[in-house]
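Below: one structure, written as structure tokens.
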Amino acid sequence: MFKRKSKISNIDSSDDYRGFLTEEELLKIELKETTLALDAAYSILENVTEPELIDSAIYELNSIQSKYTYLSRKYRDNFL
């Protein structure tokens, strides 16, 4: 039905690397990917002018911010 989006990362998208990384390293990668997604969402929000696109950009931004909050809390609780 839907094709899975590839992650923004310098690491091979085959996910074969996951078996070689610790949970902490994987979480750091997720946080970095989410930070990049936040930057992209802010950029889109700054550049759209149509009301529907502004709404869409805001929803996307809120979604990514929620994910970032979850991941950072998980990292803090488990590794700090």
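The values are calculated or read from the model by the stated rules, or taken from the named source; none is laboratory data. Since the structure is predicted, the reported quantities are computational estimates derived from the model, not experimental observations. Cβ coordinates were reconstructed from backbone atoms using ideal geometry, including for glycine residues, and neighbour counts include every protein chain displayed.
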**OP:** Go through segment 51-80 residue by residue and tally those that are closer than 16 Å to LEU38 by Cβ and free of Cβ contacts under 8 Å to residues at least 40 places away in the same chain.
**Re:** 16
**OP:** Please find, among SER6, SER72, the residue that is modelled with pLDDT of 95 or more and either assigned to a helix (DSSP H, G or I) or not charged (D, E, K, R) (or both).
**Re:** SER72
**OP:** Look through segment 39-80, keep the residues that are of a type in the set (S, T, N, Q) and over 23 Å from ILE29 (Cβ atoms), and return whichever of them is farthest from the chain's Cα centre (by Cα).
**Re:** THR49
Original post:
With respect to GLU24, is the statement that it is surrounded by 12 or more Cβ atoms within 10 Å (Cβ to Cβ), at pLDDT 95 or above and of a type in the set (D, E, K, R) true?
Top reply: no
**OP:** Of all residues in segment 27-53, count the ones that are in a helix (DSSP H, G or I) and surrounded by 13 or more Cβ atoms within 10 Å (Cβ to Cβ).
**Re:** 18
